[in-house]
Amino acid sequence: MSKGEQITVEVRFRGGTTRMMSLPPPQPAWAAWQTSPEVIAEVDRLLNDHTETQIAVLLNERGWRSGTGRAFTKRMISQIRCQYRLKSRYSRLREAGMLIQQEIADQLGIHTTTVHHWRRDGLLKAHAYHNKPEYLYETVGTSRPVKRQGLKRTDPRRIPKASSERMKEVQDEV
């Protein structure tokens, strides 16, 4: 047997016949267990919109498996992200201009607890960046929610309507 680009094997049978075969060298174990490039690209793409646990569920629903043939877990997705130096969901959302709870509270002039309540009630748009109840918030424009005592958080009067800049038409009746 000789090693190189190919492994050459000479086999001698009982009757005295010999046969020579060339075989490719076997893959090392780490290469056989390595995550496919398609999975890595998909994890990178999915990190824009999903947490690591959500990504694991999505990949498992699609029938994708790890290099060892196992179903994906949150920990596996986290290891793939770290090993291949993919940006975390938190970093991606911060680069997109999302604010942490304290920053949005300062911007609106409210307490962080109020931010939590407004997010839960749908007044603020937020994106989870992991499975804990922690979010990054989209900046609010001119139609920001208003803190008004006596009105329920779901009352539409809390969010002012955006007024159009065009002139209002007046009809004459003749």
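Odds and ends about this structure:
- Remark: C-alpha extents of the range 10-110 on the principal axes read 93, 24, 17 Å, sorted largest to smallest.
- Rh (Kirkwood; distinct C-alpha pairs) - the range 1-69, Å: 15.7 Å
- Applying a DSSP loop filter and a limit of 11 other Cβ atoms within 10 Å to the GluC sites (Glu not before Pro) in the range 1-83 leaves GLU5.
- Quarter of Cα convex hull surface for the range 47-90, i.e. mean projection, nm²: 3.0 nm²
Values quoted throughout were computed directly from the atomic coordinates according to the rules given, and no laboratory measurement underlies them. Since the structure is predicted, the reported quantities are computational estimates derived from the model, not experimental observations. Note that each Cβ is placed from the backbone with ideal geometry, even for glycine, and that neighbours are counted across all protein chains shown.
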